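Just below is one structure, and these are the notes that go with it.
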């Protein structure tokens, strides 16, 4: 009979959870992650893994509209901060995910941006994703100039660096055009369209 370590079972549960999540079955995905958490809680030295799972569950609860449960997973960020890898790319990605789910999004996205720029570089897709999230959050909180600045950088980077473009690029260009129009009137939008060849 094979001896299977508890953490191997928990890892398998998280892998299957990812499959359910990819099929948009978030309820089953969360149930599997809860089972994985119970196992990891009994295995020493798994604080970083536990915090990562909790933060991901927070995002899924947010996507399901269960905002109170989503906000409860804010403690996952505190756990990640005390772990050894708090400056890792994983921590930056977790901050980016949690920023989507909780009220202190600007602070978390800014921290995620700083970490991912250092760990992955400014052209990495995870870093560019944070730029987009941060721009949207700046816009939502009335920081229009900051939103424009970071979104311009993200759009320009995707234009200049092969391999960084994604299906969201056109939407980001449209969003940037709308922000520029709001900030500077029709002249700003015309300059944007000439520069980014949207017409």
Original post:
How much FRET efficiency would the formula 1/(1 + (r/R0)^6) give for residue 159 and residue 18, where r is the Cβ-Cβ distance and R0 is 30 Å, rounded to 0.05?
Top reply: 0.40
**OP:** Inverting the mean 1/r over all pairs of different Cα atoms, compute the Kirkwood radius of region 1-84 and quote it in Å.
**Re:** 13.1 Å
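The numbers here are math on the coordinates, done by the rules we state, and not lab data. It should be emphasised that the depicted structure is a prediction, and the values quoted were computed from it without experimental measurement. Here Cβ is always computed from backbone atoms with ideal geometry, including for glycine, and neighbour counts include all displayed protein chains.
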